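Trainee: Submitted below is the structure of interest, expressed as structure tokens.
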Amino acid sequence: MAEQKEKTKQALLFSDFPPISTEQWEAVIQKDLKGADYARKLIWNTREGFPVKPYYRSEDLENLSYLNIFPGNFPFVRGERIKHNNWFVRQNLVVDDIGKTNKKALTILMNGVDSLGFVLDQRKAPTKDEIEQLMENIYAQSVEVNFICGPHAPVVARHYLELVKKYNRDLELIHGSAGYDPIGRLIVGGNWYESEEKDFDTCAEIIEATLHSPHFRALSVHATHFKNAGSNLVQELAFALAYGAEYLTRLTGKGISIDTIAPNIKFNFAIGSNYFMEIAKIRAFRLLWAKVVNAYGPSDVDFTRTHIHSVTTQWNKTIYDAHVNMLRTTTEAMAAIIGGTNSLTVLPYDAIFEDTSDFSERIARNQQLLLKEESYLDKIVDPAAGSYYIENLTDSLIEAAWKLFLEIDEAGGFVEAFRKGIIQQQIKTTAEKRDQDVATRREILVGTNQYPNFGEMINPDIDRQRLEPTDCSSDDAIVETLKLYRGAMAFEQLRSETDAYTRKHHRPKVFMFTYGSLSMRRARSQFAGNFFACAGYEIIDNNGFKTIDSGLEALRKVKPQIVVICAADDDYPAIAPEINEKIGKEAIVVVAGYPKDIVEELKAKGLKHFIHVKSNVLETLKEFQKLLGIK
């Protein structure tokens, strides 16, 4: 009876909101657009190459075949877990001193971490005793233990699992990875560890060594390299898929069962700030990988499951206004978790420019713990399920990534495509477009190319290599490698040059010559202030001058190097030439805005510099650096 009453109540409630058809919505939109082009105004063309509509409705889900599949079922787009969305909270530790690293590991395990990543010296293989010392008092069945050790992964895996057996631990309860990845070495180093043939033989050996520990994964696919070299999400998915498939093909060719190989691979993805797309990326990859593995004929679809470790990307992190990195990593962590990652590393906000501090590491851990313990993101399986928008993004990524994967397959597979430079060229093209978007502020990096902290200075002792792309190419590289970099680097280099200049000279001053219309002068002075502060100049704003002479009097008191005239377009013909003439060679005169109807007239009267929303901010600021003698 109570149930019937509730249904009746709901029916009455929703009867107040009659259904509106898509056609009705579209008619209202077209009316509001007043003849403007619908596609140009409202359709978002992603850098991944597919359009996104301004809104989605339930009818947009009708052709998505996987929607009726439950979590834990093939093809796992909705995740592999059926009762929770828990994940391993991971922190990496660089092993410089084994005793100190062990002590630190025990400390952070008491502070919420349940996954450790030991970054070992790749110049020499550790001994069994050193691994035992590193693991002292760490209960292996309760902690995921990962080793980042390059060519020494087979040795480390054997040492670790022998140690586990020595202490009578249940191998089926041991979680972790050794991370052997010769293809990853080719991508960033340009060559194999030993040779192509030998490295794939070693892959077979390490799989054999970890055979009886089903949750300790021998091989890694580092798709993080693609993101941190500037790729888009479709490229990440397609190249990661081809990368993993290369291991499947090579190792099944050596007679190893697909049932053994596929569960032994861990995929590492970098997560960026494109929140909904990153959620969809992880969901899409599970389906794509299941589809690939299934083609190899496993004995059970459970072997088509994927294991994903996510790490917040370095590409969008900044040195200036670095605390903004905490905001970036929080949304990135949320995207990874909602997407269903198996484990997650949140990079400390200062990781890109200095040795991380106890404070920054604590904040990074606590970001995950807050999302787990206070936001309860571990409680709901596939929380994005049914979202019209995210489901359509997932489907679009699947379709586009599969198409690109087939192109790589037709080129001979991942390794062959990389030898030919196909993958490098595609990523380079995307990266150049992204760099251009950062330079023109189509892609915003808060605190760097927009809304900078005006008074901030870079640490003069910073390692200058932190401002340059990372080139790990070996001397005997046989292929072009991917160069890992951050989108903010070009602006950071520019601003750091100003900081260096000010150690021997006064910081360049930019004076806002505000005049006329209050709304226009304020808007343009704020725009110009943000513009020039990106180069680290001192900004001198003003409320507005009633006369040109009063403005000239004020600017001569502060002796600026640059004067920006901020007024309405209609005022420029009268005031800009006069200001320019009266300043003479005292300062560089700039007009805020681009009044196209009178630009040529202004140029004819000696005004050369204009800054506006379509300016290439980076290139324009470089030109001013030259004019000021900074560069």
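Trainee: Here are 441, 434: which of them is assigned to a loop (DSSP other than H, G, I, E, B) and at pLDDT 95 or above?
Mentor: Working: 434 fails: assigned to a loop (DSSP other than H, G, I, E, B).
Sole residue among the options that is assigned to a loop (DSSP other than H, G, I, E, B) and at pLDDT 95 or above: 441.
Trainee: Something else now. If you scan the stretch 171-185, which residues turn out to be crowded, with 22+ Cβ neighbours inside 10 Å and touching a residue at least 40 places away in the same chain (Cβ under 8 Å)?
Mentor: Matches in the stretch 171-185: 174, 175, 176, 177, 178, 179, 180, 181, 183.
Trainee: Also, quick follow-up: Test of understanding: among 308, 338, which residue is crowded, with 21+ Cβ neighbours inside 10 Å, assigned to a helix (DSSP H, G or I) and at negative phi?
Mentor: Numbers: 308 fails: assigned to a helix (DSSP H, G or I).
Exactly one residue qualifies, and that residue is 338.
Trainee: For the stretch 236-244, does any single residue satisfy the condition of being aromatic (Phe, Trp, Tyr), in a helix (DSSP H, G or I), in contact with a Phe, Trp or Tyr (Cβ under 8 Å, 6 or more places away or on another chain) and crowded, with 23+ Cβ neighbours inside 10 Å?
Mentor: Taking the stretch 236-244 and keeping what is aromatic (Phe, Trp, Tyr), we get 239, 243.
Right, trim to in a helix (DSSP H, G or I) and you get 239, 243.
Remaining after also requiring in contact with a Phe, Trp or Tyr (Cβ under 8 Å, 6 or more places away or on another chain): 239, 243.
Still in the list and also crowded, with 23+ Cβ neighbours inside 10 Å: 239, 243.
Within the stretch 236-244, one or more residues are aromatic (Phe, Trp, Tyr), in a helix (DSSP H, G or I), in contact with a Phe, Trp or Tyr (Cβ under 8 Å, 6 or more places away or on another chain) and crowded, with 23+ Cβ neighbours inside 10 Å.
Trainee: Just to check your reading of the model, which residue among 98, 148 is β-branched (Val, Ile, Thr) and surrounded by 20 or more Cβ atoms within 10 Å (Cβ to Cβ)?
Mentor: 148
One line per residue, one yes/no per condition, for (1) among the basic types (Lys, Arg); (2) in contact (Cβ under 8 Å) with a residue 60 or more places away in the chain; (3) not in a helix (DSSP H, G or I):
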position	(1), (2), (3)
158	yes, no, no
161	no, no, no
164	no, no, no
169	yes, no, yes
187	no, yes, no
194	no, no, yes
202	no, no, no
205	no, no, no
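Trainee: Name every residue in the stretch 113-124 that is in a loop (DSSP other than H, G, I, E, B) and modelled with pLDDT of 95 or more, in order of residue number. Before you say what the answer is, go through the steps one by one.
Mentor: Filtering the stretch 113-124 for residues in a loop (DSSP other than H, G, I, E, B) gives 113-114, 120-124.
Hits for the stretch 113-124 are 113, 114, 120.
Trainee: Hey, any hits in the stretch 444-465 for a residue that's in contact with a Phe, Trp or Tyr (Cβ under 9 Å, 6 or more places away or on another chain), outside the structural domain of residue 187 (by TED's automatic domain parsing) and of a type in the set (Lys, Arg)?
Mentor: No, because not a single residue in the stretch 444-465 is in contact with a Phe, Trp or Tyr (Cβ under 9 Å, 6 or more places away or on another chain), outside the structural domain of residue 187 (by TED's automatic domain parsing) and of a type in the set (Lys, Arg).
Trainee: Among the residues of the stretch 464-506, how many are of a type in the set (A, V, I, L, M, F, W, C) and either surrounded by fewer than 16 Cβ atoms within 10 Å (Cβ to Cβ) or under 21 Å from residue 538 (Cβ atoms) (or both)? Please lay out each step first, then the result.
Mentor: Going through the stretch 464-506, the residues of a type in the set (A, V, I, L, M, F, W, C) turn out to be 467, 472, 477-479, 482, 484, 488-491, 494, 500.
Cutting the leftovers down to either surrounded by fewer than 16 Cβ atoms within 10 Å (Cβ to Cβ) or under 21 Å from residue 538 (Cβ atoms) (or both) gives us 472, 477-478, 491, 494, 500.
Residues meeting the conditions: 6.
Trainee: May I pose another question? Checking the structure you have, find out if any residue of the stretch 54-64 is touching a Leu at 6+ places or on another chain (Cβ under 7 Å) and part of a loop (DSSP other than H, G, I, E, B). Before the answer, list the steps.
Mentor: Taking the stretch 54-64 first, the residues touching a Leu at 6+ places or on another chain (Cβ under 7 Å) are 54, 61.
Narrowing further to those that are part of a loop (DSSP other than H, G, I, E, B): 54.
Checked against the condition, which is being touching a Leu at 6+ places or on another chain (Cβ under 7 Å) and part of a loop (DSSP other than H, G, I, E, B), the stretch 54-64 yields at least one hit.
Trainee: Among the candidates 398, 319, which residue alone is part of a loop (DSSP other than H, G, I, E, B), over 27 Å from residue 176 (Cβ atoms) and modelled with pLDDT of 95 or more?
Mentor: Details: 398 fails: part of a loop (DSSP other than H, G, I, E, B).
Being part of a loop (DSSP other than H, G, I, E, B), over 27 Å from residue 176 (Cβ atoms) and modelled with pLDDT of 95 or more holds for just one of 398, 319, which is 319.
Trainee: Given the residues 531, 513, which is the only one that is aromatic (Phe, Trp, Tyr) and part of a helix (DSSP H, G or I)? Steps first, please.
Mentor: Working: 513 fails: part of a helix (DSSP H, G or I).
None of the other options fit; the residue is 531.
Trainee: Could I ask something else about it? For the list (1) over 30 Å from residue 467 (Cα atoms); (2) touching a strand residue (DSSP E or B) at 6+ places or on another chain (Cβ under 7 Å); (3) free of Cβ contacts under 8 Å to residues at least 40 places away in the same chain, I need the number of the one condition that residue 587 fails.
Mentor: Result: residue 587 passes all but (3).
Trainee: May I pose another question? Within the stretch 212-233, is even one residue assigned to a helix (DSSP H, G or I) and under 14 Å from residue 288 (Cα atoms)? First the steps, then the outcome.
Mentor: Here is the first cut: in the stretch 212-233, the ones assigned to a helix (DSSP H, G or I) are 224-227, 233.
Okay, now just the ones that are also under 14 Å from residue 288 (Cα atoms), so 233.
Among the residues of the stretch 212-233, at least one is assigned to a helix (DSSP H, G or I) and under 14 Å from residue 288 (Cα atoms), which makes the answer yes.
Trainee: Residue under question is residue 448, and the condition is that it be more than 23 Å from residue 190 (Cβ to Cβ) and among the hydroxyl-bearing types (Ser, Thr, Tyr); does it hold? Talk me through it step by step, then tell me what you get.
Mentor: Working: more than 23 Å from residue 190 (Cβ to Cβ): yes; among the hydroxyl-bearing types (Ser, Thr, Tyr): yes.
In short, yes.
Trainee: For residue 399, only one of the following conditions fails: (1) in the same structural domain as residue 229 (by TED's automatic domain parsing); (2) over 16 Å from residue 233 (Cα atoms). What is its number?
Mentor: Failing condition for residue 399: (2).
Trainee: Let me ask another. Could you go through the stretch 78-89 and let me know if any residue there is on the phi > 0 side of the Ramachandran plot, assigned by TED's automatic domain parsing to the domain that holds residue 125 and either under 26 Å from the mean Cα position of the chain (by Cα) or of a type outside the set (Gly, Ala, Ser) (or both).
Mentor: The initial filter retains those residues of the stretch 78-89 that are on the phi > 0 side of the Ramachandran plot, namely 79.
Those left that are additionally assigned by TED's automatic domain parsing to the domain that holds residue 125: 79.
Still in the list and also either under 26 Å from the mean Cα position of the chain (by Cα) or of a type outside the set (Gly, Ala, Ser) (or both): 79.
Checking the stretch 78-89: at least one residue is on the phi > 0 side of the Ramachandran plot, assigned by TED's automatic domain parsing to the domain that holds residue 125 and either under 26 Å from the mean Cα position of the chain (by Cα) or of a type outside the set (Gly, Ala, Ser) (or both).
Trainee: Here is a list of conditions, (1) closer than 27 Å to residue 247 by Cα; (2) part of a loop (DSSP other than H, G, I, E, B); (3) more than 20 Å from the chain's Cα centre (by Cα), and residue 380 meets all of them except one; can you say which number that is?
Mentor: Answer for residue 380: the failing condition is (1).
The values are calculated or read from the model by the stated rules, or taken from the named source; none is laboratory data. It should be emphasised that the depicted structure is a prediction, and the values quoted were computed from it without experimental measurement. For neighbour counting, all protein chains shown are included, and Cβ atoms are generated from backbone atoms with ideal geometry for every residue, glycine included.
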